[in-house]
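Note sheet for the following structure.
The values are calculated or read from the model by the stated rules, or taken from the named source; none is laboratory data. None of the values given here were measured: they were computed from a predicted structure. Note: ideal-geometry Cβ built from the backbone for every residue, glycine included; neighbour counts use all protein chains shown.
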């Protein structure tokens, strides 16, 4: 009987106007995102080839990962150019957002964004009238007058509806992968395909959560109009309001100075040390490299401690939303998340420690013999940790809770 | 009849339970957003005051010509109406190793987001069955049989529905503004309130676009279920897809070299290349003063050299001339290399400007982009507001440098041994003060976006009439 319901649901949905609209939206969005981000990745790779440090250059830069096509995350920060200058100062290069300010108004349209926002929108919209529509058309009464059990019907509805939802996603992603990534000769290795499979698995779990939520709302709503309305309110809250409030709310708990203040202090340490050194007529006891390095380290550590505390609270708040959990999971999996950024910056600091005592020319460029900076992204094994399990568990909860509540609500559902 | 239809439409919407729910949601979201953003603004303002104080104390103690430029970095106060439109983050101006990456992954919520996402969605959900719903119920036939023209019906439906959304918007916005005004630490003057009024007006223009989209889809499909799907599809494309793609598409269509590459080139030109050139020019000067050079080298420290110069007027004059030529040599090296880097900068930034113009042109297809640019400029946190601050800052810097140069020239007259690393007292320097642009200036900057939003409205309304005239009842 379940098979029959799945088949009915599939056929009914696939030939519907709703399916056509969603297929177009998903296909257009996903493939445009893959195409644009593939082009961007190639441009950034060329940029890296130009900028990568040669011997005796105190620059720290790393290559962009091809996974930034799927989840761009913080890859612009990670692939920025960092220069170690006099006294172990770390000078940071500008980003494209600083010159073309329009980037600041919008999100990066990578695959993760499309999935996070547009596909979740499609998933919840798709499920929001699955039960109410049948009720309004009167087919629900007919079905249950034939002695059909409610659990079999609801399970068939869930599976059939969900399969219909993921068909266009899988087709669109496969199309995008073949046309834009394989034909563009993006250097993917076998292990990368495993990473990609895990990525797709998370996406399917995430969308199952929104689909279950939509179905639950459809069960507890009286009409399709109300069901759609509440589904969209839930979607807006989970996808926009909670993730975007997290950082602001976290900053209410911890007083953190702005980056401008930190940069002023950093600049003042350097100016003061040099000024005192020159005006002491170059006394060896006042050689400023050590002072600059020590004081900068202290400022950076203090600031990073506060920043980490803010990020930790913000992470807890935003984790309520499945959209944030998916962002954390996918960016960490693609090596473009917070974890990778912190790891990269630790490597930059280690490099700084290696070269901090070198002399510099009048512009602060270090002079001496040192090994150029090199960095390899985290292996896949590093991804599996407690934080990842926590985010994944929340995604699973978003499937289980609506499914269980929906199941019990459906048992008591009035089909009239 | 017009009045009756209008009241009917308004009453239908206001007494719909969804109206209550969404008004509560928007009110609640806006109130929380404003309270959080208000605290954030206060923190930013305190931080700004602290920066000014730190800078002042430092300059008073360590000012010297060589690095005065780094010390006198002019700070921008946070814009008050940033509470409504976060716009461009002030962090973007600073290149730092220790940045808050959370904002990159999750940009902060503000009034602009509430309007562009929540209210536009609500507009679609309220309008998607304007005609199809009435047609399905059979009431459309009844209305049109009463000698009501189709144009009049579209006007009443549009005005009635929009009025209900405007009422909800006014309630939410008023509560947000009252909350801000109740906090004594911030005062909104008439300029700010006028800007807020214009932001409200822009919001109405923006929401009405999506209300009209819903109505057109309703008249086009004739079925409520198809109409809502079609309008939500259009909403998703114009709100979520096109604006976010625009900067990336523009960067593919018109490539600009990487900013990192440009900065590295400029650094080499102004650094290593400048030093090489400066040293070569100085060598020529050294060759002209071989005896003086020997005396300078033989003097163990500055005091001994000073004593020698004081005892020999001829030598002192020669030393002054020598120093002047060395300074000229470095000035020449700086001028040549600055001109070289200026050429590269002009070329680079002209390309950037062309890319930005292209991005704007592409993104303006979406009303979200027009609305975001307009509101952020009106709130003083957008691209225009930043350019305005930079202009004021530039003018001030000119006068500040004139002051510093005059002070240095005065010191040089009395101190023969002056060099660029010696302390200079500039405690009486001019103070920078910044007032945000008046509302008329902001309005003229946003006028083009307002016109685009109005054109969208006009075109959609004409399409609606055309579509509704074709609709079978």
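Here's the yes/no breakdown for (1) under 29 Å from the mean Cα position of the chain (by Cα); (2) under 23 Å from residue B:362 (Cα atoms):
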residue: B:393; (1), (2): yes, no
residue: B:404; (1), (2): no, no
residue: B:413; (1), (2): no, no
residue: B:421; (1), (2): no, no
residue: B:427; (1), (2): no, no
residue: B:433; (1), (2): yes, no
residue: B:463; (1), (2): no, yes
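Any residue that is part of a helix (DSSP H, G or I), within 25 Å of residue B:129 (Cβ to Cβ) and more than 7 Å from chain B (Cβ to nearest Cβ) - is there at least one of those in region A:238-248?
Yes, some residue in region A:238-248 is part of a helix (DSSP H, G or I), within 25 Å of residue B:129 (Cβ to Cβ) and more than 7 Å from chain B (Cβ to nearest Cβ).
Within region B:22-36, how many residues are facing chain A (nearest Cβ under 7 Å) and either farther than 18 Å from residue B:116 by Cα or not in a helix (DSSP H, G or I) (or both)?
1
Could you tell me whether residue B:188 is modelled with pLDDT of 90 or more, within 30 Å of residue B:435 (Cβ to Cβ), surrounded by fewer than 18 Cβ atoms within 10 Å (Cβ to Cβ) and more than 14 Å from every other protein chain (Cβ to nearest Cβ)?
no
A quick yes/no check of all residues on (1) surrounded by 19 or more Cβ atoms within 10 Å (Cβ to Cβ); (2) closer than 30 Å to residue B:267 by Cβ; (3) in contact (Cβ under 8 Å) with a residue 60 or more places away in the chain; (4) in contact with a helix residue (DSSP H, G or I) (Cβ under 6 Å, 6 or more places away or on another chain):
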| position | (1), (2), (3), (4) |
| --- | --- |
| B:350 | no, yes, no, no |
| B:354 | no, yes, yes, no |
| B:382 | yes, no, yes, yes |
| B:391 | no, yes, no, no |
| B:394 | no, yes, no, no |
| B:402 | no, yes, no, no |
| B:405 | no, yes, no, no |
| B:419 | no, yes, no, no |
| B:431 | no, no, no, no |
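Regarding region B:44-61, can at least one residue be identified that is at pLDDT below 85, surrounded by fewer than 20 Cβ atoms within 10 Å (Cβ to Cβ), facing another protein chain (nearest Cβ under 10 Å) and closer than 30 Å to residue B:331 by Cα?
No, region B:44-61 contains no residue that is at pLDDT below 85, surrounded by fewer than 20 Cβ atoms within 10 Å (Cβ to Cβ), facing another protein chain (nearest Cβ under 10 Å) and closer than 30 Å to residue B:331 by Cα.
I'd like to verify a number: residues in region B:226-258 that are more than 21 Å from residue B:209 (Cβ to Cβ) and either modelled with pLDDT of 90 or more or at the interface with chain A (Cβ under 7 Å from one of its Cβ atoms) (or both), how many?
Result for region B:226-258: 5.
One line per residue, one yes/no per condition, for (1) surrounded by 17 or more Cβ atoms within 10 Å (Cβ to Cβ); (2) modelled with pLDDT of 85 or more; (3) more than 28 Å from residue B:245 (Cβ to Cβ):
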{"site": "A:13", "(1), (2), (3)": "yes, no, yes"}
{"site": "A:17", "(1), (2), (3)": "no, no, no"}
{"site": "A:26", "(1), (2), (3)": "yes, yes, no"}
{"site": "A:31", "(1), (2), (3)": "yes, yes, no"}
{"site": "A:35", "(1), (2), (3)": "yes, yes, no"}
{"site": "A:41", "(1), (2), (3)": "yes, yes, no"}
{"site": "A:44", "(1), (2), (3)": "yes, yes, no"}
{"site": "A:49", "(1), (2), (3)": "no, yes, no"}
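Mind checking whether some residue in region B:108-121 is in a helix (DSSP H, G or I), touching a residue at least 12 places away in the same chain (Cβ under 8 Å), over 30 Å from residue B:206 (Cβ atoms) and more than 10 Å from chain A (Cβ to nearest Cβ)?
Within region B:108-121, none of the residues are in a helix (DSSP H, G or I), touching a residue at least 12 places away in the same chain (Cβ under 8 Å), over 30 Å from residue B:206 (Cβ atoms) and more than 10 Å from chain A (Cβ to nearest Cβ).
If you take the residues of region A:51-79 that are part of a loop (DSSP other than H, G, I, E, B) and in contact with a strand residue (DSSP E or B) (Cβ under 6 Å, 6 or more places away or on another chain), which of them is farthest from the other protein chains (Cβ to nearest Cβ)? Please lay out each step first, then the result.
Let us first name the residues in region A:51-79 that are part of a loop (DSSP other than H, G, I, E, B), namely A:52-58, A:61-65, A:70-74, A:79.
Now restrict to residues that are in contact with a strand residue (DSSP E or B) (Cβ under 6 Å, 6 or more places away or on another chain): A:53, A:58.
On the way: A:53: 11, A:58: 12 Å.
Once the filter is applied, the top-ranked residue is A:58.
Listed here are the residues, each with its yes/no results for (1) closer than 25 Å to residue A:394 by Cβ; (2) more than 23 Å from the chain's Cα centre (by Cα).
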| residue | (1), (2) |
| --- | --- |
| A:126 | yes, yes |
| A:140 | no, yes |
| A:152 | no, yes |
| A:161 | yes, yes |
| A:169 | yes, no |
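Of the residues in region B:59-85, how many are assigned to a helix (DSSP H, G or I) and without any contact (Cβ under 8 Å) to a residue 24 or more places away in the chain?
Of the residues in region B:59-85, the ones assigned to a helix (DSSP H, G or I) are B:59-62, B:65-71, B:80-83.
Narrowing the set further to residues that are without any contact (Cβ under 8 Å) to a residue 24 or more places away in the chain leaves B:61, B:67, B:69-71.
Matching residues across region B:59-85 total 5.
Please tell me if residue B:340 is in a helix (DSSP H, G or I), touching a residue at least 60 places away in the same chain (Cβ under 8 Å) and either away from chain A (no Cβ under 14 Å) or more than 22 Å from residue B:89 (Cα to Cα) (or both).
yes
Any idea which residue in region A:207-223 is nearest to residue A:322 (Cα to Cα), counting only those that are surrounded by 22 or more Cβ atoms within 10 Å (Cβ to Cβ) and within 14 Å of another protein chain (Cβ to nearest Cβ)?
Applying the filter and picking the extreme gives A:214.
Restricting attention to region B:356-378, does a residue exist that is touching a residue at least 40 places away in the same chain (Cβ under 8 Å), crowded, with 20+ Cβ neighbours inside 10 Å and more than 12 Å from every other protein chain (Cβ to nearest Cβ)?
yes
Quick check: is even one residue across region B:261-270 within 24 Å of residue B:415 (Cα to Cα) and at pLDDT 85 or above?
Taking every residue of region B:261-270 in turn, none turns out to be within 24 Å of residue B:415 (Cα to Cα) and at pLDDT 85 or above.
Does at least one position in region B:76-88 carry a residue that is out of contact with any helix residue (DSSP H, G or I) (no Cβ under 7 Å at 6 or more places or on another chain) and either modelled with pLDDT of 90 or more or at the interface with chain A (Cβ under 7 Å from one of its Cβ atoms) (or both)?
Initial filter on region B:76-88 (out of contact with any helix residue (DSSP H, G or I) (no Cβ under 7 Å at 6 or more places or on another chain)): B:86.
Adding the requirement that they be either modelled with pLDDT of 90 or more or at the interface with chain A (Cβ under 7 Å from one of its Cβ atoms) (or both) leaves none.
There is no residue in region B:76-88 that is out of contact with any helix residue (DSSP H, G or I) (no Cβ under 7 Å at 6 or more places or on another chain) and either modelled with pLDDT of 90 or more or at the interface with chain A (Cβ under 7 Å from one of its Cβ atoms) (or both).
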